[in-house]
Amino acid sequence: MAAGKSKLVDSFEMRIADINTVDLEQLHALSIGVGWPHRADDWQFVRELGKGVVALDEVDRVLGSAMWFAYGEDFATIGLVITSPRLQARGAGQWLMDHVLTEIPQHNLGLNSTRAAKRLYHSLDFTTEAVVSQCQGEAFSPAPAETPPGAELRALDIADLAAITALDKEAFGADRTALLARILPSSSGLGLIRDGQIEAFSFCRRFGRGHVIGPVAASSDADAIAVIRPHVAEHAGKFLRLDTREKSGAFSDFLSQCGLSVFDTVTTMSRGRPWLAVRERRHAATPKIYALAGHALG
């Protein structure tokens, strides 16, 4: 049954509206209210990529939000599910999610949940898959290192879109062409090339308190480190963030050595087919996502 378009909460009525109908500063104020780092520009970035709704009160104040991002025909991620602090225990999150789930035609869904929201998502039949570490801090300049044998690094441009989309689809499990086409011109991108083929890539863009590295796709820790090392060096002494599911190993150690310690964690969850588990059982040389594009974007 479709979720209702309005709901009585705390003696006033909330109503659902399209997220594109409200000012960016209202969305910025909403995320500030729950301690999230998103700038107005970050909200605009996600509005260009996905769809979403907001909860408005009787005088059109934004009290909640939820977004979804379709990748291919049968998969979507959900994110930016926010409710103002005074409504968090009053069913507003459930109401927003019920509405989102009626709007998404995809049967297979993924999201990254805060600790506070896990109970809600479990009640909606989402299953826990992995932990994402939010690694951030003032970056240290990494020690110089050789590029992996037989490889070279170069900047990426729009002519590389098809190649990085194909690599990302194998690593991520769904087609993110629209996301990568939006990230390419607004980020610094690096590719690791072997025999003329892109075998790893990374992007770094402005976000929140500084810059974020992601997405990053590679087949090994060594290749992943190679494509993020220049970004870390470029932003040494500045705030830098990277979100990863890598819990140990050379990649994780490199982040720690560069001052990107674990600040917080979220939990990757899925509904429908497993999002991560199947690919993690594939051959070791299969590319995987070393850094997320963002909690909402996957």
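The values are calculated or read from the model by the stated rules, or taken from the named source; none is laboratory data. Note that the structure is predicted; figures quoted are calculated from it, not measured. Cβ coordinates were reconstructed from backbone atoms using ideal geometry, including for glycine residues, and neighbour counts include every protein chain displayed.
Can you confirm whether the stretch 234-257 contains a residue that is among the basic types (K, R) and either closer than 16 Å to G298 by Cα or not assigned by TED's automatic domain parsing to the domain that holds A143 (or both)?
Yes, that holds for at least one residue.
Tell me, yes or no, whether the stretch 134-157 has at least one residue that is closer than 30 Å to R229 by Cβ, in contact with a Pro (Cβ under 8 Å, 6 or more places away or on another chain), modelled with pLDDT of 95 or more and of a type in the set (A, V, I, L, M, F, W, C).
Scanning the stretch 134-157, I find at least one residue that is closer than 30 Å to R229 by Cβ, in contact with a Pro (Cβ under 8 Å, 6 or more places away or on another chain), modelled with pLDDT of 95 or more and of a type in the set (A, V, I, L, M, F, W, C), so the answer is yes.
Which ones in the stretch 35-59 are under 14 Å from the mean Cα position of the chain (by Cα), closer than 22 Å to L87 by Cβ and among the hydrophobic types (A, V, I, L, M, F, W, C)?
W36, W43, V46
Does T102 qualify as being buried (at least 22 other Cβ atoms within 10 Å of the Cβ) and out of contact with any helix residue (DSSP H, G or I) (no Cβ under 9 Å at 6 or more places or on another chain)?
It is false that T102 is buried (at least 22 other Cβ atoms within 10 Å of the Cβ) and out of contact with any helix residue (DSSP H, G or I) (no Cβ under 9 Å at 6 or more places or on another chain).
Scan the stretch 43-59 for residues that are part of a loop (DSSP other than H, G, I, E, B) and over 29 Å from R205 (Cα atoms) and report the count.
3
Can you find even one residue in the stretch 192-214 that is farther than 25 Å from W43 by Cβ and touching a Pro at 6+ places or on another chain (Cβ under 6 Å)?
No, every residue in the stretch 192-214 fails to be farther than 25 Å from W43 by Cβ and touching a Pro at 6+ places or on another chain (Cβ under 6 Å).
Considering only strands (runs of 3 or more DSSP E) fully contained in the stretch 74-156, which possess at least 1 residues that are closer than 14 Å to T268 by Cα and among the hydroxyl-bearing types (S, T, Y)?
Hits in the stretch 74-156: 75-83, 108-113, 127-138.
Return the residues of the stretch 175-192 that are among the hydrophobic types (A, V, I, L, M, F, W, C) and buried (at least 20 other Cβ atoms within 10 Å of the Cβ); say none if nothing qualifies.
L179, L180, I183, L190, L192
Can you tell me how many residues in the stretch 6-26 are modelled with pLDDT of 85 or more, of a type in the set (D, E, K, R) and not in a strand (DSSP E or B)?
2
Just one of (1) part of a helix (DSSP H, G or I); (2) touching a residue at least 60 places away in the same chain (Cβ under 8 Å); (3) surrounded by fewer than 18 Cβ atoms within 10 Å (Cβ to Cβ) trips up A171, so point out which.
Result: A171 fails condition (3) only.
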